[in-house]
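Peer 1: Before we start, here is the structure in question, set down as structure tokens.
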Amino acid sequence: MATTELKCELSWSASRRKEFERCRKEYHYGRYASWGWWKEGPDSERWKVAIHKNLTSLPAFAGNCVHDSIQHWFEMSRGGVRMTAAELYEECVHRFREGWRQSSAFDPRDRPKRGKVHLAEHHYGEELSKERTEEVRALLERCARAFVEGAACAPAREAHPDSWRALEELGHYRFLGVPVYAVPDFAYVDGDVLHVWDWKTGTPRGDDRFQLHTYALYACEKWSHDPEAIVLHAAYLSEGKVESWPVELGELSAAQDVVSESVRAMMEVHYDPLEDPFVPEHWPASPSASTCRTCRFRGICSDVHAAARPRLR
Ligand code: SF4
């Protein structure tokens, strides 16, 4: 049977835009430099880049554990079972331990599968003190408690399953022919109003509001929802607070302009790494101590900032 050849297609999401803006070289590593790794062996450059592409950080992984556990909370709730804060916390801890075990047993010759946990801290041999793991444990506990017991999250918890519109599903719509991806953590309707929720386990960031507005754009495209009847909620679980923003047309239109500009900028440099020549000027490095320190590719990038260069193990 003939197999379909995978194509390196351009797609857009708020996180891809962030990477593209932060450092073009990092974006190139993540989107192009590993493309085709599955046709090559563990000693190849592409395979090595793919391993780095799959690295996650301790805070990001802890966030995933909370997201996955909350998704499970909703699924249980749909079946009539309400997990307590203690049960949700136990589930977060279980997921965390499981991922930690996977990461500790990582072998560079294993296929770099998505979804398999590989912590950058393990990969780069960073010290993971008891204080840091205790901070993660406390974060999981705070988030579980804020979600299950906090008054701020009550509207989401109490939404009837019949009103749910999204629960962590990856969705997309096309803009200028490019798939634009969005993963609203949770969305439900109350009367005519669509409420879109995003669980945050870190501290508030400047672009959280923009990210949520890209979900509003998605809701307009996907469900043809009236933009002026959408309310966005950023739930900062670790701080136990929720910030809510009713969508205003001006801000939504500004977000649409940013998406449009970003998609066009990516289209200008997009190429097929297996067919087309690499143009180095399209992918300049933007090294800085702060961006390189958290970059997954800091161990293989020749432009890494000196202050972020990992120690060789
Ligand atoms: S290490 Fe720094 S310069 Fe290199 S890709 Fe990452 S962010 Fe860019």
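Peer 1: I need a count of the residues in segment 12-36 that are open to solvent by 40 Å² or more (accessible area, probe 1.4 Å) and either assigned to a helix (DSSP H, G or I) or within 8 Å of the ligand (Cβ to nearest atom) (or both).
Peer 2: 8
Peer 1: Another one. Among the listed residues 137, 142, identify the single one that is at pLDDT 95 or above, charged (D, E, K, R), within 15 Å of residue 66 (Cα to Cα) and touching an Asp or Glu at 6+ places or on another chain (Cβ under 9 Å).
Peer 2: Details: 137 fails: touching an Asp or Glu at 6+ places or on another chain (Cβ under 9 Å).
It is 142.
Peer 1: Determine whether residue 72 is assigned to a helix (DSSP H, G or I), over 17 Å from the mean Cα position of the chain (by Cα) and farther than 26 Å from residue 29 by Cα. I'd like the intermediate steps shown before the answer.
Peer 2: On the way: assigned to a helix (DSSP H, G or I): yes; over 17 Å from the mean Cα position of the chain (by Cα): yes; farther than 26 Å from residue 29 by Cα: yes.
Yes; evaluated as a whole, the condition is true for this residue.
Peer 1: Working only within segment 219-243, note down all residues that are open to solvent by less than 10 Å² (accessible area, probe 1.4 Å) and farther than 15 Å from residue 150 by Cβ. Working first, answer last.
Peer 2: Residues of segment 219-243 open to solvent by less than 10 Å² (accessible area, probe 1.4 Å): 219, 230, 232, 234-237.
If the condition is that a residue be open to solvent by less than 10 Å² (accessible area, probe 1.4 Å) and farther than 15 Å from residue 150 by Cβ, then 219, 230, 232 are the ones that fit.
Peer 1: I would also like to ask the following. For residues in segment 18-61 being in contact with a helix residue (DSSP H, G or I) (Cβ under 9 Å, 6 or more places away or on another chain) and acidic (Asp, Glu), which is farthest from residue 273 (Cα to Cα)?
Peer 2: 21
Peer 1: Scan segment 69-84 and report the pairs whose first residue is open to solvent by 70 Å² or more (accessible area, probe 1.4 Å) and whose second residue is not acidic (Asp, Glu), with Cβ atoms within less than 6 Å and a gap of 6+ or a chain change.
Peer 2: 78/161
Peer 1: Could you list, in sequence order, all residues of segment 264-280 that are of a type in the set (Asp, Glu), open to solvent by 30 Å² or more (accessible area, probe 1.4 Å) and not in a helix (DSSP H, G or I)? If you could, list the steps in order and put the result at the bottom.
Peer 2: The initial filter retains those residues of segment 264-280 that are of a type in the set (Asp, Glu), namely 268, 272, 275-276.
Among the residues that remain, those that are also open to solvent by 30 Å² or more (accessible area, probe 1.4 Å) are: 268, 275-276.
Selection gives 275, 276.
Peer 1: In the set 261, 251, which member is out of contact with any Lys or Arg (no Cβ under 6 Å at 6 or more places or on another chain) and touching a residue at least 12 places away in the same chain (Cβ under 8 Å)? Let's see the steps before the verdict.
Peer 2: Working: 261 fails: touching a residue at least 12 places away in the same chain (Cβ under 8 Å).
Checking each option against the conditions leaves just 251.
Peer 1: Do we have any residue at all in segment 53-73 that's within 16 Å of the ligand (Cβ to nearest atom), in contact with a Lys or Arg (Cβ under 6 Å, 6 or more places away or on another chain) and hydroxyl-bearing (Ser, Thr, Tyr)?
Peer 2: Residues of segment 53-73 that are within 16 Å of the ligand (Cβ to nearest atom), as a first pass: 53-57, 60.
Next, from what is left, pick out any that are in contact with a Lys or Arg (Cβ under 6 Å, 6 or more places away or on another chain): 55.
Subsequent filtering for residues that are hydroxyl-bearing (Ser, Thr, Tyr) retains none.
So far as segment 53-73 goes, no, none of its residues is within 16 Å of the ligand (Cβ to nearest atom), in contact with a Lys or Arg (Cβ under 6 Å, 6 or more places away or on another chain) and hydroxyl-bearing (Ser, Thr, Tyr).
Peer 1: Could we say that residue 132 is among the charged types (D, E, K, R), open to solvent by 60 Å² or more (accessible area, probe 1.4 Å) and farther than 21 Å from residue 294 by Cβ here? Show your work before the answer.
Peer 2: Working: among the charged types (D, E, K, R): yes; open to solvent by 60 Å² or more (accessible area, probe 1.4 Å): yes; farther than 21 Å from residue 294 by Cβ: no.
For residue 132, the condition - among the charged types (D, E, K, R), open to solvent by 60 Å² or more (accessible area, probe 1.4 Å) and farther than 21 Å from residue 294 by Cβ - is not met.
Peer 1: Could you pull out the residue among 166, 144 that is assigned to a helix (DSSP H, G or I) and crowded, with 19+ Cβ neighbours inside 10 Å? Show your work before the answer.
Peer 2: On the way: 166 fails: assigned to a helix (DSSP H, G or I).
Exactly one residue qualifies, and that residue is 144.
Peer 1: Looking at residue 302 and the list (1) closer than 25 Å to residue 59 by Cα; (2) near the ligand (Cβ under 9 Å from one of its atoms); (3) hydroxyl-bearing (Ser, Thr, Tyr), which single condition is not satisfied?
Peer 2: Evaluating residue 302 over (1) closer than 25 Å to residue 59 by Cα; (2) near the ligand (Cβ under 9 Å from one of its atoms); (3) hydroxyl-bearing (Ser, Thr, Tyr) leaves (1) as the failure.
Peer 1: Pull out all pairs, ordered by first then second residue, where Cβ-Cβ is under 8 Å, the residues are six or more apart or on different chains, the first lies in segment 297-311 and is under 18 Å from residue 32 (Cβ atoms), and the second is near the ligand (Cβ under 7 Å from one of its atoms) and aromatic (Phe, Trp, Tyr).
Peer 2: What qualifies is 297/29; 300/29; 301/29.
Peer 1: Picking from 243, 228, which residue would you name as being under 21 Å from the mean Cα position of the chain (by Cα) and either part of a loop (DSSP other than H, G, I, E, B) or in the same structural domain as residue 175 (by TED's automatic domain parsing) (or both)?
Peer 2: On the way: 228 fails: under 21 Å from the mean Cα position of the chain (by Cα).
None of the others qualify; the one that does is 243.
Peer 1: A follow-up question, please. Of all residues in segment 281-293, count the ones that are near the ligand (Cβ under 8 Å from one of its atoms) and either in a loop (DSSP other than H, G, I, E, B) or outside the structural domain of residue 53 (by TED's automatic domain parsing) (or both).
Peer 2: Residues flagged as near the ligand (Cβ under 8 Å from one of its atoms) and either in a loop (DSSP other than H, G, I, E, B) or outside the structural domain of residue 53 (by TED's automatic domain parsing) (or both) within segment 281-293 amount to 4.
The values are calculated or read from the model by the stated rules, or taken from the named source; none is laboratory data. Owing to the predicted nature of the structure, the values given are computational and were not obtained by experimental measurement. Reconstructed Cβ throughout: ideal geometry from the backbone, glycine too, with neighbour counts over all protein chains shown. Side chains are part of the model used for accessible areas, which takes the heavy atoms of the whole protein and leaves out ligands, DNA and RNA. Shrake-Rupley method; radii C 1.70, N 1.55, O 1.52, S 1.80 Å.
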